[in-house]
1. Between Asp97 and Thr258, what length comes free when the chain is fully extended (0.36 nm per residue of separation minus the Cα-Cα distance, one decimal in nm)?
2. Show me the ranking of peptides 172-180, 237-245 by mean Cβ neighbours inside 10 Å, starting with the highest.
3. Thr214 label point, 7 Å along Cα→Cβ, cut-off 16 Å on backbone N: hits in segment 75-103?
4. Starting from the exponent 0.38 and prefactor 2.2 Å, build the expected Rg for segment 123-180 from its residue count and divide its actual Cα Rg by it.
5. Restricting things to alpha carbons, tell me how big segment 212-296 is in terms of Rg and Dmax, in Å.
6. Quick one: with all protein chains in place, what share of the accessible area of segment 213-296 is carbon or sulfur, to the nearest percent (1.4 Å probe)?
7. In terms of modelled amide H atoms, which long-range or inter-chain residues lie less than 5 Å from the amide H of Val215?
8. At 0.36 nm per residue, and after removing the present C-alpha to C-alpha distance, how many nm does the segment from Asp244 to His138 gain when stretched out fully?
Amino acid sequence: MLPAMRSHHKYSRRALVTGGAGFIGSHLCDRLLQRGYAVLCVDNLLTGSIRNIRPLLNHSNFQFIEHDVQGPLRIPGELDRIFNLACPASPAHYQRDPIDTMKTCVIGTLNLLELARQKSARFLQASTSEVYGDPEVHPQPESYRGCVNPTGPRACYDEGKRAAETLIFDYHRVHALQVKVARIFNTYGPRMLENDGCVVSNFIVQALRGEPITVYGNGSQTRSFCFVDDLVHGLELLMESPADITGPFNLGNPQELTIEQVAREILACSRSKSRLRYESLPQDDPKRRKPVVDAADRTLGWRPRVSLRQGLEATIAYFALRLATTEVASEQTRRTSSKRRHHLTVANHPAG
(Lines give C-alpha, C1' and ligand atoms only; values in the text may rest on other atoms or scores of the structure.)
Protein backbone atom coordinates (compact mmCIF):
# COMPACT_ATOMS: atom_id res chain seq x y z
CA MET A 1 0.00 0.00 0.00
CA LEU A 2 1.29 3.45 -0.87
CA PRO A 3 1.81 6.08 1.83
CA ALA A 4 -0.56 9.00 2.01
CA MET A 5 0.62 12.07 0.13
CA ARG A 6 1.94 14.96 2.15
CA SER A 7 0.11 18.24 1.63
CA HIS A 8 0.02 21.72 3.12
CA HIS A 9 -3.68 21.92 2.27
CA LYS A 10 -6.48 20.42 4.31
CA TYR A 11 -7.77 18.92 1.08
CA SER A 12 -6.94 19.51 -2.55
CA ARG A 13 -8.15 17.60 -5.54
CA ARG A 14 -5.98 14.55 -6.04
CA ALA A 15 -4.88 13.27 -9.44
CA LEU A 16 -3.05 10.12 -10.45
CA VAL A 17 -0.91 10.30 -13.61
CA THR A 18 0.42 6.99 -14.90
CA GLY A 19 3.35 7.36 -17.26
CA GLY A 20 3.90 10.59 -15.34
CA ALA A 21 7.70 10.57 -15.75
CA GLY A 22 7.40 10.36 -19.52
CA PHE A 23 7.45 13.07 -22.15
CA ILE A 24 3.78 14.12 -22.09
CA GLY A 25 3.09 12.84 -18.59
CA SER A 26 5.73 15.01 -16.94
CA HIS A 27 4.34 18.14 -18.63
CA LEU A 28 0.88 17.13 -17.42
CA CYS A 29 2.18 16.74 -13.84
CA ASP A 30 3.64 20.26 -14.06
CA ARG A 31 0.32 21.69 -15.20
CA LEU A 32 -1.78 19.87 -12.60
CA LEU A 33 0.43 21.11 -9.77
CA GLN A 34 0.07 24.65 -11.13
CA ARG A 35 -3.72 24.13 -11.04
CA GLY A 36 -3.59 23.22 -7.34
CA TYR A 37 -3.88 19.43 -7.62
CA ALA A 38 -2.06 17.01 -5.38
CA VAL A 39 -0.34 14.77 -7.92
CA LEU A 40 0.58 11.12 -7.59
CA CYS A 41 2.97 10.23 -10.43
CA VAL A 42 3.30 6.53 -11.29
CA ASP A 43 5.85 5.20 -13.78
CA ASN A 44 7.92 2.04 -14.23
CA LEU A 45 10.68 4.14 -15.87
CA LEU A 46 10.81 1.91 -18.94
CA THR A 47 10.72 4.98 -21.20
CA GLY A 48 10.08 7.65 -18.56
CA SER A 49 12.91 9.32 -16.65
CA ILE A 50 13.40 10.78 -13.19
CA ARG A 51 15.15 13.63 -14.99
CA ASN A 52 11.77 14.81 -16.31
CA ILE A 53 10.24 15.15 -12.84
CA ARG A 54 13.31 15.96 -10.73
CA PRO A 55 12.20 19.60 -10.14
CA LEU A 56 8.94 18.27 -8.67
CA LEU A 57 10.32 15.74 -6.21
CA ASN A 58 10.49 18.19 -3.29
CA HIS A 59 7.09 19.73 -4.02
CA SER A 60 4.76 19.23 -1.07
CA ASN A 61 1.89 18.13 -3.31
CA PHE A 62 3.85 15.72 -5.50
CA GLN A 63 4.68 12.07 -4.97
CA PHE A 64 6.46 9.64 -7.27
CA ILE A 65 5.90 5.88 -7.14
CA GLU A 66 7.86 3.47 -9.32
CA HIS A 67 5.28 0.88 -10.34
CA ASP A 68 4.19 -1.11 -13.39
CA VAL A 69 0.45 -0.76 -14.07
CA GLN A 70 0.29 -4.41 -15.08
CA GLY A 71 0.09 -4.94 -11.31
CA PRO A 72 -2.88 -3.55 -9.32
CA LEU A 73 -2.46 -0.19 -7.60
CA ARG A 74 -3.66 0.28 -4.03
CA ILE A 75 -3.98 3.95 -3.20
CA PRO A 76 -5.07 5.05 0.29
CA GLY A 77 -7.39 8.01 0.63
CA GLU A 78 -9.51 9.83 -1.90
CA LEU A 79 -8.73 10.07 -5.59
CA ASP A 80 -10.52 12.42 -7.97
CA ARG A 81 -8.83 12.05 -11.35
CA ILE A 82 -6.88 9.32 -13.15
CA PHE A 83 -4.92 10.17 -16.30
CA ASN A 84 -3.68 6.99 -17.98
CA LEU A 85 -0.60 7.69 -20.11
CA ALA A 86 1.19 4.43 -19.27
CA CYS A 87 2.58 2.86 -22.44
CA PRO A 88 5.60 3.25 -24.71
CA ALA A 89 4.38 5.44 -27.58
CA SER A 90 7.05 5.17 -30.27
CA PRO A 91 7.52 2.14 -32.58
CA ALA A 92 11.15 1.75 -31.50
CA HIS A 93 10.03 1.24 -27.90
CA TYR A 94 6.66 -0.51 -28.15
CA GLN A 95 7.98 -3.06 -30.67
CA ARG A 96 10.94 -3.94 -28.43
CA ASP A 97 8.68 -6.11 -26.27
CA PRO A 98 5.33 -6.33 -28.07
CA ILE A 99 3.75 -8.73 -25.59
CA ASP A 100 4.57 -6.39 -22.71
CA THR A 101 3.12 -3.48 -24.73
CA MET A 102 -0.16 -5.31 -25.25
CA LYS A 103 -0.32 -6.25 -21.56
CA THR A 104 0.26 -2.63 -20.56
CA CYS A 105 -2.52 -1.46 -22.89
CA VAL A 106 -5.07 -4.06 -21.79
CA ILE A 107 -4.19 -5.37 -18.30
CA GLY A 108 -2.83 -2.00 -17.20
CA THR A 109 -5.94 -0.17 -18.34
CA LEU A 110 -8.17 -2.77 -16.69
CA ASN A 111 -6.32 -2.33 -13.36
CA LEU A 112 -6.68 1.43 -13.52
CA LEU A 113 -10.36 1.25 -14.45
CA GLU A 114 -10.91 -0.93 -11.39
CA LEU A 115 -9.12 1.65 -9.26
CA ALA A 116 -11.27 4.41 -10.76
CA ARG A 117 -14.41 2.38 -10.02
CA GLN A 118 -13.36 1.79 -6.41
CA LYS A 119 -12.52 5.46 -5.86
CA SER A 120 -15.38 6.89 -7.96
CA ALA A 121 -12.66 8.79 -9.82
CA ARG A 122 -12.99 10.29 -13.27
CA PHE A 123 -10.82 8.44 -15.82
CA LEU A 124 -9.04 9.86 -18.88
CA GLN A 125 -7.33 7.59 -21.39
CA ALA A 126 -4.46 8.76 -23.57
CA SER A 127 -5.40 6.83 -26.69
CA THR A 128 -3.76 7.39 -30.03
CA SER A 129 -4.22 8.21 -33.69
CA GLU A 130 -2.75 4.74 -34.31
CA VAL A 131 -6.25 3.33 -33.72
CA TYR A 132 -6.92 4.53 -37.29
CA GLY A 133 -4.02 2.43 -38.64
CA ASP A 134 -3.01 3.25 -42.21
CA PRO A 135 -6.21 5.19 -42.90
CA GLU A 136 -8.35 4.86 -46.02
CA VAL A 137 -10.30 7.98 -44.97
CA HIS A 138 -8.49 11.31 -44.98
CA PRO A 139 -8.45 13.39 -42.85
CA GLN A 140 -9.50 11.21 -39.93
CA PRO A 141 -12.68 12.05 -37.96
CA GLU A 142 -13.51 10.26 -34.71
CA SER A 143 -16.28 8.36 -36.50
CA TYR A 144 -13.74 6.57 -38.73
CA ARG A 145 -13.16 3.01 -37.47
CA GLY A 146 -9.72 2.56 -38.93
CA CYS A 147 -7.69 0.24 -41.14
CA VAL A 148 -5.42 -1.72 -38.79
CA ASN A 149 -3.37 -4.84 -39.50
CA PRO A 150 -4.05 -7.05 -36.43
CA THR A 151 -1.09 -9.36 -37.12
CA GLY A 152 1.57 -6.80 -38.09
CA PRO A 153 4.52 -5.51 -36.04
CA ARG A 154 2.60 -2.38 -34.96
CA ALA A 155 -0.48 -4.30 -33.80
CA CYS A 156 0.68 -4.63 -30.18
CA TYR A 157 0.20 -0.87 -29.84
CA ASP A 158 -2.55 -0.19 -32.40
CA GLU A 159 -4.80 -3.05 -31.33
CA GLY A 160 -3.79 -2.69 -27.69
CA LYS A 161 -5.08 0.89 -27.64
CA ARG A 162 -8.24 -0.13 -29.50
CA ALA A 163 -8.90 -2.86 -26.91
CA ALA A 164 -8.29 -0.34 -24.13
CA GLU A 165 -10.95 1.96 -25.60
CA THR A 166 -13.36 -0.99 -25.65
CA LEU A 167 -12.75 -1.66 -21.95
CA ILE A 168 -13.20 2.00 -21.08
CA PHE A 169 -16.57 2.37 -22.75
CA ASP A 170 -17.75 -0.95 -21.31
CA TYR A 171 -16.88 0.33 -17.81
CA HIS A 172 -18.81 3.49 -18.65
CA ARG A 173 -21.89 1.52 -19.71
CA VAL A 174 -21.74 -1.22 -17.06
CA HIS A 175 -20.47 0.73 -14.02
CA ALA A 176 -21.51 4.30 -14.94
CA LEU A 177 -17.84 5.30 -14.64
CA GLN A 178 -17.04 8.83 -15.79
CA VAL A 179 -14.62 8.36 -18.69
CA LYS A 180 -12.85 10.52 -21.26
CA VAL A 181 -10.86 9.33 -24.28
CA ALA A 182 -8.34 11.46 -26.16
CA ARG A 183 -6.88 10.19 -29.43
CA ILE A 184 -3.49 11.85 -29.48
CA PHE A 185 -1.80 12.61 -32.81
CA ASN A 186 1.93 13.24 -33.26
CA THR A 187 3.12 15.40 -30.37
CA TYR A 188 6.56 16.93 -29.93
CA GLY A 189 8.44 19.23 -27.56
CA PRO A 190 11.04 19.33 -24.79
CA ARG A 191 11.63 16.07 -22.86
CA MET A 192 11.20 13.80 -25.87
CA LEU A 193 13.73 10.97 -25.82
CA GLU A 194 16.55 11.34 -28.29
CA ASN A 195 16.36 7.63 -29.16
CA ASP A 196 12.58 7.21 -29.42
CA GLY A 197 12.52 6.83 -33.19
CA CYS A 198 9.95 9.62 -33.62
CA VAL A 199 10.20 11.92 -36.62
CA VAL A 200 10.88 15.23 -34.85
CA SER A 201 13.36 13.92 -32.27
CA ASN A 202 15.21 11.82 -34.88
CA PHE A 203 15.57 14.75 -37.27
CA ILE A 204 16.62 17.23 -34.57
CA VAL A 205 19.27 14.96 -33.07
CA GLN A 206 20.69 14.11 -36.49
CA ALA A 207 20.68 17.78 -37.53
CA LEU A 208 22.45 18.92 -34.36
CA ARG A 209 25.08 16.22 -34.76
CA GLY A 210 25.60 17.03 -38.43
CA GLU A 211 24.53 13.51 -39.42
CA PRO A 212 22.40 12.64 -42.49
CA ILE A 213 18.67 13.11 -41.86
CA THR A 214 17.01 9.70 -42.25
CA VAL A 215 13.78 10.00 -44.26
CA TYR A 216 11.81 6.79 -44.71
CA GLY A 217 10.16 6.27 -48.09
CA ASN A 218 10.34 9.21 -50.47
CA GLY A 219 9.33 11.71 -47.80
CA SER A 220 5.88 12.34 -49.28
CA GLN A 221 4.01 10.64 -46.42
CA THR A 222 2.33 13.17 -44.14
CA ARG A 223 1.98 13.83 -40.44
CA SER A 224 0.46 16.56 -38.27
CA PHE A 225 2.56 17.83 -35.36
CA CYS A 226 1.13 19.28 -32.15
CA PHE A 227 3.30 21.04 -29.58
CA VAL A 228 3.16 19.44 -26.13
CA ASP A 229 1.79 22.56 -24.36
CA ASP A 230 -1.23 22.59 -26.67
CA LEU A 231 -1.79 18.87 -26.19
CA VAL A 232 -1.68 19.07 -22.37
CA HIS A 233 -4.16 21.95 -22.43
CA GLY A 234 -6.49 19.75 -24.48
CA LEU A 235 -6.20 16.93 -21.95
CA GLU A 236 -7.06 19.34 -19.14
CA LEU A 237 -10.11 20.69 -20.95
CA LEU A 238 -11.34 17.19 -21.75
CA MET A 239 -10.92 15.92 -18.19
CA GLU A 240 -12.82 18.88 -16.75
CA SER A 241 -15.61 18.86 -19.34
CA PRO A 242 -19.14 17.86 -18.21
CA ALA A 243 -19.57 14.23 -17.16
CA ASP A 244 -21.69 13.31 -20.19
CA ILE A 245 -18.88 14.29 -22.58
CA THR A 246 -16.82 11.15 -23.10
CA GLY A 247 -15.21 11.43 -26.53
CA PRO A 248 -13.26 10.01 -28.15
CA PHE A 249 -11.77 13.35 -29.23
CA ASN A 250 -8.93 13.81 -31.68
CA LEU A 251 -6.24 16.02 -30.15
CA GLY A 252 -3.64 17.05 -32.69
CA ASN A 253 -2.66 19.73 -35.15
CA PRO A 254 -4.70 19.73 -38.38
CA GLN A 255 -1.80 21.32 -40.30
CA GLU A 256 -0.65 18.51 -42.58
CA LEU A 257 3.00 18.41 -43.64
CA THR A 258 5.10 15.95 -45.61
CA ILE A 259 7.98 14.31 -43.78
CA GLU A 260 10.39 16.01 -46.16
CA GLN A 261 8.90 19.43 -45.35
CA VAL A 262 9.41 18.77 -41.63
CA ALA A 263 13.02 17.71 -42.23
CA ARG A 264 13.80 20.87 -44.18
CA GLU A 265 12.11 23.07 -41.56
CA ILE A 266 14.28 21.49 -38.85
CA LEU A 267 17.39 22.03 -40.96
CA ALA A 268 16.45 25.70 -41.33
CA CYS A 269 15.68 26.19 -37.61
CA SER A 270 18.84 24.42 -36.46
CA ARG A 271 21.06 25.95 -39.18
CA SER A 272 22.37 22.46 -39.82
CA LYS A 273 24.23 21.45 -42.97
CA SER A 274 23.03 17.86 -42.78
CA ARG A 275 21.67 16.26 -45.94
CA LEU A 276 18.64 14.02 -46.39
CA ARG A 277 19.15 10.25 -46.68
CA TYR A 278 16.25 8.14 -47.93
CA GLU A 279 15.57 4.61 -46.66
CA SER A 280 12.80 2.05 -47.21
CA LEU A 281 9.45 2.61 -45.49
CA PRO A 282 8.72 0.37 -42.46
CA GLN A 283 5.84 -2.13 -42.66
CA ASP A 284 2.36 -0.69 -42.00
CA ASP A 285 3.74 2.84 -41.64
CA PRO A 286 0.78 5.18 -42.26
CA LYS A 287 0.99 7.13 -45.54
CA ARG A 288 -1.17 10.04 -44.42
CA ARG A 289 -2.15 11.32 -41.01
CA LYS A 290 -4.25 14.38 -40.27
CA PRO A 291 -6.86 14.82 -37.52
CA VAL A 292 -10.26 16.38 -37.81
CA VAL A 293 -10.44 18.44 -34.60
CA ASP A 294 -13.83 20.08 -35.14
CA ALA A 295 -15.39 18.11 -32.27
CA ALA A 296 -12.73 19.28 -29.79
CA ASP A 297 -13.08 22.84 -31.08
CA ARG A 298 -16.86 22.83 -30.86
CA THR A 299 -17.23 20.95 -27.55
CA LEU A 300 -14.09 21.84 -25.60
CA GLY A 301 -13.11 25.13 -27.20
CA TRP A 302 -9.72 23.62 -28.06
CA ARG A 303 -7.46 24.15 -31.02
CA PRO A 304 -3.65 24.12 -31.15
CA ARG A 305 -2.10 27.59 -30.93
CA VAL A 306 1.68 27.09 -31.11
CA SER A 307 3.12 27.35 -34.62
CA LEU A 308 5.48 24.71 -35.95
CA ARG A 309 8.37 27.19 -36.07
CA GLN A 310 7.82 28.24 -32.41
CA GLY A 311 7.54 24.66 -31.26
CA LEU A 312 10.58 23.48 -33.19
CA GLU A 313 12.73 26.31 -31.86
CA ALA A 314 11.84 25.37 -28.26
CA THR A 315 12.43 21.68 -28.94
CA ILE A 316 15.75 22.25 -30.72
CA ALA A 317 16.95 24.41 -27.80
CA TYR A 318 16.09 21.56 -25.40
CA PHE A 319 17.93 18.95 -27.44
CA ALA A 320 20.95 21.20 -27.98
CA LEU A 321 21.34 21.56 -24.20
CA ARG A 322 20.60 17.90 -23.60
CA LEU A 323 23.17 16.67 -26.13
CA ALA A 324 25.80 19.13 -24.90
CA THR A 325 25.28 17.99 -21.30
CA THR A 326 25.45 14.32 -22.31
CA GLU A 327 28.62 14.85 -24.31
CA VAL A 328 30.32 16.68 -21.41
CA ALA A 329 29.35 13.88 -19.01
CA SER A 330 30.64 11.25 -21.46
CA GLU A 331 33.95 13.11 -21.87
CA GLN A 332 34.37 13.37 -18.10
CA THR A 333 33.70 9.64 -17.75
CA ARG A 334 36.22 8.89 -20.52
CA ARG A 335 38.90 11.02 -18.86
CA THR A 336 38.29 9.43 -15.45
CA SER A 337 38.55 5.95 -16.96
CA SER A 338 41.73 6.93 -18.84
CA LYS A 339 43.36 8.27 -15.65
CA ARG A 340 42.37 5.13 -13.74
CA ARG A 341 43.93 2.91 -16.42
CA HIS A 342 47.08 5.07 -16.39
CA HIS A 343 47.44 4.77 -12.60
CA LEU A 344 46.95 1.00 -12.79
CA THR A 345 49.64 0.76 -15.47
CA VAL A 346 52.13 2.77 -13.40
CA ALA A 347 51.35 0.78 -10.24
CA ASN A 348 51.86 -2.55 -12.02
CA HIS A 349 55.08 -1.50 -13.81
CA PRO A 350 58.09 -3.42 -12.41
CA ALA A 351 60.80 -1.33 -10.71
CA GLY A 352 63.85 -0.76 -12.94
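1. On the way: separation 161, 0.36 × 161 = 57.96 nm, distance 2.96 nm.
Difference between extended and current length: 55.0 nm.
2. Details: 172-180: 16.7, 237-245: 14.7.
By packing density, highest mean first, the sequence is 172-180, 237-245.
3. 90-96
4. Values: Rg = 12.4 Å, N = 58, 2.2 N^0.38 = 10.3 Å.
Rounded to two decimals, the normalised Rg is 1.20.
5. Final numbers for Rg and Dmax: 16.5, 52 Å.
6. Values: 1660 of 3560 Å².
Of all accessible area on segment 213-296, carbon and sulfur atoms account for 47 percent.
7. Counting only residues 5 or more places away or on other chains, the set is Arg277, Tyr278, Glu279.
8. Working: separation 106, 0.36 × 106 = 38.16 nm, distance 2.82 nm.
Between Asp244 and His138, full extension yields an extra 35.3 nm.
The values are calculated or read from the model by the stated rules, or taken from the named source; none is laboratory data. Everything numeric in this text was worked out from a predicted model, so none of it was measured. Methodologically, a virtual Cβ is constructed for each residue, glycine included, from the backbone with ideal geometry; neighbour enumeration extends over all protein chains shown. For accessibility, only protein heavy atoms count, side chains too; no ligands or nucleic acids. Shrake-Rupley method; radii C 1.70, N 1.55, O 1.52, S 1.80 Å.
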